[in-house]
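The values are calculated or read from the model by the stated rules, or taken from the named source; none is laboratory data. What you see is a predicted model; the values in this text were computed from it and never measured. Note that each Cβ is placed from the backbone with ideal geometry, even for glycine, and that neighbours are counted across all protein chains shown.
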Amino acid sequence: MATKNLLEAVRETLHDAMASDERVFIMGEDVGARGNVFLITAGFQEEFGRERIIDTPLAEASIIGVAIGAAMAGLRPIAEIQFADFIYPAFNQIVGEAAKTRYRSAGGNTCPLVIRTPYGGGVRGALSHSVSIEALFYHVPGLRVLAPSTPADAKGLLTSAIADEDPVLFLEHKRTYRLIKGEVPEGRYTVPIGKADIARAGKDLSVITYGLMRHFAVEAAEKIAAEGIDAEVVDLRSIRPMDRETIVASATKTRRVLVVHEDNKFGGVGAEISAAIAEEALFELDAPIKRLCGPDVPAMGYAKEYEEAFMPSPDRIADAMRELARF
Amino acid sequence: MKSEPKVRASLPEGLTPERLLEMYYYMVLTRTCDDRGFALNRQGKIPFAATCQGHEAIQVGAAFALRRGVDWLVPYYRDTCMALSFGVTPREQLMCLFARKGDIFSSGRQFPNHYSVPDRQIASISSIIAAHVTHAVGIALSIKMRKQPAVVLTSFGEGSTSEGEWHEALNFAGIHKVPIIFLCENNEYAISVHQSLQMGVKNVADRAAGYGFPGVICDGTDPVQSYETVRDAVERARSGGGPTLVEAKCYRAMSHTSDDNQLTYRTQDEIEAVKTRDPIPRFENWLKERGMLDDDTIAELKAKALRDVNDATDWAEAQEPPGERDLYTHVYGSGPLS
């Protein structure tokens with residue numbers, strides 16, 4: 001197995017899908033000549049042609065809307081929203097249209113569509129290049145929302161998403177693109193949608209998280225291991241469907257739960273995780289569920305100080321773990 | 001006995017006397033279905049009905065300009081006549097009015113007239129105005145990518161042309177010259193709001209200039225002119241010439257839906273005036289003048305339409321409604337709901 005960063009894993013997966021299935025095509029802003037703003041699709045247009053790597057007009061609703069139509073007609077579009085912050089004009093197409101196509105036609109029309117978008121902070125992206133959008137979409141039946149955190153999972157889940165018969169919102173944390181490296185299996189490789197990963201096994205407390213925070217949580221767990229606290233880290237990978245079984249099993253095992261995400265706390269994914277544990281394992285717990293999340297302000301500002309204050313860090317996660325362990 | 005023709009003009013290319021009579025029948029059938037929907041609503045048997053009265057001519061003309069089984073239709077919720085003329089049956093239509101489990105469009109999930117007939121290439125739409133126009137462009141893009149001989153026709157009212165997604169769709173289509181016909185059925189009202197409050201231009205067709213393809217206008221109450229206009233646009237699309245925006249000037253003879261009262265925003269005089277433009281008697285006269293139709297045939301066809309719609313009504317009413325378990329099907333192709 002070769003070691004790659006997350007960006008390379010995404011790139012390789014897209015390339016394999018384009019090469020192996022003529023129905024697959026990519027459309028989005030700057031995906032062609034420029035090869036995507038992070039260079040994920042660099043060289044694709046030369047290799048696959050302008051008909052299959054489409055530089056779209058600057059119009060997000062029609063990027064998704066046109067992709068929906070192509071999907072209904074039997075193709076496998078991969079639509080890119082350049083930054084998650086730009087997805088709002090396409091909200092109707094994703095929530096009102098793609099997610100309901102199968103349901104409203106009683107299975108007559110389907111929408112096998114992948115929407116890829118980079119999200120998250122830690123890159124000085126300011127108010128409009130740093131948001132997390134998962135909570136806005138994971139509420140929606142008919143959609144799948146994935147957020148891999150490792151290169152192998154990015155490959156495995158993106159391959160599964162492209163093969164899926166339903167619309168998938170595929171979230172790539174932009175800080176992980178070049179920061180996170182790992183071994184990636186060669187050839188076709190899938191990770192099942194809806195299965196969490198135990199990133200670190202432990203017995204004293206559970207951290208339930210996803211995305212960049214998985215790596216921060218593992219780092220924090222290693223740090224406090226020296227203090228005699230053995231933390232388990234659960235990486236959801238798939239936000240909808242959510243692996244309640246693994247969440248509840250971990251909570252039941254360690255009896256203490258810390259939920260960590262970068263997205264705003266109020267109404268975030270952590271609320272659903274907490275509710276699942278409260279519904280199924282409340283009396284197994286030795287401490288109240290704790291949440292460490294982005295604050296309830298609109299987004300992280302451009303200044304370094306705003307960004308640092310907004311994002312959970314390994315140190316703050318370690319502090320929250322210590323506090324939970326002491327309860 | 002057919003009377004001696006008063007007019008001996010040659011028939012439009014692609015239309016034979018048989019096809020013209022078929023067009024006439026679909027208009028009569030649609031009117032019968034439409035009236036039945038409102039009657040069932042007033043009887044309390046169905047919760048909602050939407051009318052296409054005043055739109056029949058453009059709808060039948062457009063459907064006849066397409067090739068069934070080859071071309072795609074992405075219609076909107078006022079296209080009963082277009083759907084019936086493109087292969088939807090009266091029973092299928094009544095099943096959606098009654099919201100039965102066996103309704104092939106949505107299994108009783110959507111409002112009436114939200115068609116989805118995959119085996120006849122009629123694509124599903126929601127009620128969100130103009131969202132489907134982008135989907136139609138995506139279907140046309142797939143046709144172009146796969147070099148298929150098909151075209152797409154998508155339709156909408158003039159109010160739809162205010163939506164951003166409508167502009168995005170036409171802009172994309174103009175760039176990629178996909179095989180599509182954008183058909184605006186301009187009846188001057190978006191529920192209660194007149195065209196003059198939707199746009200600063202006189203004609204929707206004028207907007208085509210902004211997307212780099214032609215915009216044409218036809219009398220949407222004349223089925224033959226409507227057919228010819230759409231046929232030309234279809235030929236253009238099929239031969240690689242790209243999109244056309246067709247604006248069919250028509251009118252809405254009734255309230256927006258069974259839940260609307262047009263007297264709150266339209267005068268009685270205006271309502272009476274539009275009734276004189278009814279496309280059905282107008283087409284009857286056109287056919288009579290050419291010796292293709294007489295009063296006996298009119299009575300016969302209207303009786304047949306009534307029989308068909310009565311049969312469809314009785315049949316659909318007797319069908320099974322959805323059960324509670326049907327709520328949970330077709331959310332995803334596989335896997336858990338959450």
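Among the residues of region B:97-109, which ones are within 17 Å of the chain's Cα centre (by Cα) and within 11 Å of chain A (Cβ to nearest Cβ)?
Within region B:97-109, just B:F105 meets the criteria.
Which one of these is surrounded by 24 or more Cβ atoms within 10 Å (Cβ to Cβ), farther than 24 Å from B:M23 by Cβ and either in contact with a strand residue (DSSP E or B) (Cβ under 8 Å, 6 or more places away or on another chain) or more than 7 Å from chain A (Cβ to nearest Cβ) (or both): B:V178, B:V152?
Numbers: B:V152 fails: farther than 24 Å from B:M23 by Cβ.
So the residue among B:V178, B:V152 that is surrounded by 24 or more Cβ atoms within 10 Å (Cβ to Cβ), farther than 24 Å from B:M23 by Cβ and either in contact with a strand residue (DSSP E or B) (Cβ under 8 Å, 6 or more places away or on another chain) or more than 7 Å from chain A (Cβ to nearest Cβ) (or both) is B:V178.
Report whether or not A:A71 is more than 14 Å from chain B (Cβ to nearest Cβ), aliphatic (A, V, I, L, M), out of contact with any helix residue (DSSP H, G or I) (no Cβ under 7 Å at 6 or more places or on another chain) and crowded, with 24+ Cβ neighbours inside 10 Å.
Here the answer is no, as A:A71 does not meet what is asked.
Could you check region B:229-275 and list, in sequence order, the residues that are among the small types (G, A, S), modelled with pLDDT under 95 and in a helix (DSSP H, G or I)?
Within region B:229-275, just B:A273 meets the criteria.
Whether any residue in region A:165-179 is over 14 Å from the mean Cα position of the chain (by Cα), within 14 Å of chain B (Cβ to nearest Cβ), on the phi < 0 side of the Ramachandran plot and buried (at least 19 other Cβ atoms within 10 Å of the Cβ) is what I want to check.
Checked region A:165-179: at least one residue is over 14 Å from the mean Cα position of the chain (by Cα), within 14 Å of chain B (Cβ to nearest Cβ), on the phi < 0 side of the Ramachandran plot and buried (at least 19 other Cβ atoms within 10 Å of the Cβ).
Restricting the search to region B:123-141, which residues are aliphatic (A, V, I, L, M), at the interface with chain A (Cβ under 7 Å from one of its Cβ atoms), part of a loop (DSSP other than H, G, I, E, B) and surrounded by 24 or more Cβ atoms within 10 Å (Cβ to Cβ)?
At the first step, the residues of region B:123-141 found to be aliphatic (A, V, I, L, M) are B:123, B:125, B:128-131, B:133, B:136-137, B:139-141.
So of that shortlist, the ones also at the interface with chain A (Cβ under 7 Å from one of its Cβ atoms) come out as B:123, B:128, B:131, B:136-137, B:139, B:141.
Now narrow it down to the ones that are part of a loop (DSSP other than H, G, I, E, B): B:123, B:128.
Passing the criteria: only B:A123.
Of all the residues that make up region B:56-88, how many are of a type outside the set (D, E) and touching a Ser or Thr at 6+ places or on another chain (Cβ under 6 Å)?
11
Counting only residues that are out of contact with any Phe, Trp or Tyr (no Cβ under 9 Å at 6 or more places or on another chain), give me the strands (runs of 3 or more DSSP E) lying completely in region A:208-299 with at least 1 of them.
A:231-235, A:257-264, A:290-294
Here is a yes/no grid of residues against (1) facing chain A (nearest Cβ under 10 Å); (2) of a type in the set (G, A, S); (3) surrounded by fewer than 17 Cβ atoms within 10 Å (Cβ to Cβ); (4) touching a Ser or Thr at 6+ places or on another chain (Cβ under 6 Å):
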residue	(1), (2), (3), (4)
B:A303	no, yes, yes, no
B:D308	no, no, no, no
B:Q319	no, no, yes, no
B:R325	no, no, yes, no
B:S334	yes, yes, yes, no
B:S338	yes, yes, yes, no
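Tell me yes or no: at least one residue of region B:136-148 is under 17 Å from the mean Cα position of the chain (by Cα), under 24 Å from A:R102 (Cα atoms) and modelled with pLDDT of 95 or more.
yes
Consider B:P90 against the criteria (1) surrounded by fewer than 24 Cβ atoms within 10 Å (Cβ to Cβ); (2) over 29 Å from B:A253 (Cβ atoms): it satisfies all of them except one. Which criterion is unmet?
That leaves (2) as the condition not met.
Inspect all residues belonging to region A:269-279 and state whether any of them is in the same structural domain as A:I208 (by TED's automatic domain parsing), crowded, with 20+ Cβ neighbours inside 10 Å and closer than 20 Å to A:R175 by Cα.
yes
Which pairs have Cβ atoms under 8 Å, sit 6 or more apart or on different chains, and link a residue in region A:66-79 that is not assigned by TED's automatic domain parsing to the domain that holds A:T13 to one that is among the basic types (K, R) and not in a strand (DSSP E or B)?
No pair meets every condition.
Scan region A:95-114 for residues that are part of a loop (DSSP other than H, G, I, E, B), in contact with a strand residue (DSSP E or B) (Cβ under 9 Å, 6 or more places away or on another chain) and more than 9 Å from every other protein chain (Cβ to nearest Cβ) and jot them down.
Hit for region A:95-114 is A:L113, nothing else.
Pick from A:I53, A:I63: which is of a type in the set (V, I, T), facing chain B (nearest Cβ under 9 Å) and either out of contact with any Lys or Arg (no Cβ under 8 Å at 6 or more places or on another chain) or buried (at least 23 other Cβ atoms within 10 Å of the Cβ) (or both)?
Matching residue, one of A:I53, A:I63: A:I63.
Considering only region A:161-192, state which residues are closer than 22 Å to A:R240 by Cα and either without any contact (Cβ under 8 Å) to a residue 12 or more places away in the chain or outside the structural domain of A:V114 (by TED's automatic domain parsing) (or both).
Once the filter is applied, which keeps residues that are closer than 22 Å to A:R240 by Cα and either without any contact (Cβ under 8 Å) to a residue 12 or more places away in the chain or outside the structural domain of A:V114 (by TED's automatic domain parsing) (or both), region A:161-192 yields A:Y189, A:T190, A:V191, A:P192.
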